[in-house]
Amino acid sequence: MKKIAILNGPNLNRLGKREPEIYGTATLKDLEKLVRAEAKKLGVKVKFFQSNHEGVLVDMVHAFADFGTEGFIVNFAAYSHTSIALHDALKSTGLPAIEVHISDIKKREKFRRHSMTAGACVGMISGQGFPGYVEALRRLAKL
Ligand code: DQA
């Protein structure tokens, strides 16, 4: 069974409470449920991890890769726009990653329009809400 890790970055633990006009009212737990349901259909094993700390996310990228993960779905949130360390961590695994953003980063503030980490990914899905994670899982399942 293919193993995919889903990593969420800072402030995504606050989904449901956080700027609902942008991110909606569903929670991180709701997101996990949605993705788990799709994983079951696809016959894929999924592991979820969220942290507000850049270095912890770097460590977890390494750990997931070293323990048999075959691909990543990442929403590094604000770190997507700044983190060379997370870019390099993904690259260091040699594994396919798809970056997801709930909101459409190209249509928001200028400082969100560029993703530093997308260069280490095979694709990016932005602005599709939670279904973006489901689409990412479908794409990785086919690789
Ligand atoms: C986000 C977009 C980022 O710009 C922002 O910092 C987030 C969430 C998204 O999913 O739309 O925290 O990654």
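Brief remarks follow.
- Taking the conditions (1) polar (S, T, N, Q); (2) touching a Pro at 6+ places or on another chain (Cβ under 9 Å); (3) surrounded by fewer than 15 Cβ atoms within 10 Å (Cβ to Cβ) in turn, ASN52 satisfies each one other than (3).
- Members of the stretch 97-115 that are surrounded by fewer than 17 Cβ atoms within 10 Å (Cβ to Cβ) and not acidic (Asp, Glu): LYS106, LYS107, ARG108, LYS110, PHE111, ARG113, HIS114
- Search result, residues across the stretch 29-81 that are aliphatic (A, V, I, L, M), more than 21 Å from MET116 (Cα to Cα), within 16 Å of the ligand (Cβ to nearest atom) and under 13 Å from the mean Cα position of the chain (by Cα): LEU31, VAL35
- When the strands (runs of 3 or more DSSP E) confined to the stretch 24-134 are screened for residues that are closer than 17 Å to LYS3 by Cα, aliphatic (A, V, I, L, M) and out of contact with any Phe, Trp or Tyr (no Cβ under 9 Å at 6 or more places or on another chain), those reaching at least 2 such residues are found at 44-50.
- The number of residues in the stretch 119-132 that are away from the ligand (no atom under 11 Å from the Cβ) and closer than 16 Å to ALA77 by Cβ comes to 2.
- Filtering the stretch 82-104 to residues that are under 18 Å from PHE72 (Cβ atoms), within 14 Å of the ligand (Cβ to nearest atom) and not small (Gly, Ala, Ser) leaves LEU86, ILE98, GLU99, VAL100, HIS101, ILE102.
- Top-ranked residue of the stretch 1-18 - restricted to ones that are in a loop (DSSP other than H, G, I, E, B) and of a type outside the set (D, E, K, R), ranked as surrounded by the most Cβ atoms within 10 Å (Cβ to Cβ): GLY9
- Yes/no for GLU21 being within 15 Å of the ligand (Cβ to nearest atom), surrounded by fewer than 20 Cβ atoms within 10 Å (Cβ to Cβ) and assigned to a helix (DSSP H, G or I): yes
Here, each number is a calculation from the coordinates, and none is a lab measurement. In this text, all values refer to a predicted model and were calculated from it rather than measured experimentally. All Cβ positions, even for glycine, are placed from backbone atoms using ideal geometry, and neighbour counts span all protein chains on display.
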